[in-house]
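Right, one structure below, let's go through it.
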Amino acid sequence: MSVLILVDADACPVKDEIYKVAYRLEVPVLLVSNSYLRLPDHPLIRQEVVSDGFDAADDRIAELATSLSVVVTADILLAERVLKSGATAISPTGKPFTENSIGSAVATRAIMADLRAGGDQVGGAAPFSKADRSRFLQALDTAIVKLKRESPGG
């Protein structure tokens, strides 16, 4: 078994950065989405299209995630699920989800959802920036190098 990058791909803004790191470090990538995406023609890059059912992509990623997976997702609840399977989870902004941080992230998400449901106007995520892209590249590279070093035969 080797390191694998799993991507919650439908709205992922850093696919090109993922490919760049995957090529350089020779790590396979599996993009999981609800619809077909245009992908580079490269043996390391694969796509799995799941049904458009609620959480179908999340369920498939959670099913595939192992301690040798790096999961790229902005979905806090999916990050929580894959962390339980020992996977590494990174947001597209480069922020790692960890066992120490996921609890507060889930709680904040729930509070914001309650506020929105109550009709409060709450701001969304900040616009995606060049700094986010750079931070993501560094976080993904670091996570993969660490997993490769720790994996059997790595």
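Some observations on this one:
- Matching residues in the range 59-70 - criterion: being part of a helix (DSSP H, G or I), surrounded by fewer than 22 Cβ atoms within 10 Å (Cβ to Cβ) and in contact with a Ser or Thr (Cβ under 8 Å, 6 or more places away or on another chain): A62
- Restricting attention to the range 15-39 and to residues that are among the aliphatic types (A, V, I, L, M) and more than 12 Å from the chain's Cα centre (by Cα), the residue that is nearest to G94 (Cα to Cα) turns out to be V21.
- The condition (being in contact with an Asp or Glu (Cβ under 8 Å, 6 or more places away or on another chain) and at pLDDT 90 or above) is satisfied by just one residue among S33, S67: S33.
- Pair list, Cβ under 7 Å, 6 or more apart: the range 71-89 residue over 19 Å from D10 (Cα atoms), other residue surrounded by fewer than 19 Cβ atoms within 10 Å (Cβ to Cβ) and among the acidic types (D, E): L83/E99
- For the range 44-64, the candidate set comprises residues that are of a type in the set (D, E, K, R) and modelled with pLDDT of 90 or more; within that set, the residue that is nearest to L140 (Cα to Cα) is R46.
- Just so you know, in the range 12-23 the residues that are touching a residue at least 24 places away in the same chain (Cβ under 8 Å) and out of contact with any strand residue (DSSP E or B) (no Cβ under 9 Å at 6 or more places or on another chain) include one that is surrounded by the most Cβ atoms within 10 Å (Cβ to Cβ), and it is E17.
- Those helices (runs of 4 or more DSSP H) lying entirely in the range 71-150 with at least 3 residues in contact with a Gly (Cβ under 9 Å, 6 or more places away or on another chain), more than 15 Å from V7 (Cβ to Cβ) and modelled with pLDDT of 90 or more: 130-150
- Of the set (1) surrounded by 14 or more Cβ atoms within 10 Å (Cβ to Cβ); (2) hydrophobic (A, V, I, L, M, F, W, C); (3) within 17 Å of L147 (Cα to Cα); (4) modelled with pLDDT under 95, all apply to V7 but (4).
The values are calculated or read from the model by the stated rules, or taken from the named source; none is laboratory data. The shown structure was predicted, so the numbers you read here are calculated from the model rather than taken from an experiment. Counting neighbours? That spans all protein chains shown, and the Cβs are built from the backbone with ideal geometry, glycine included.
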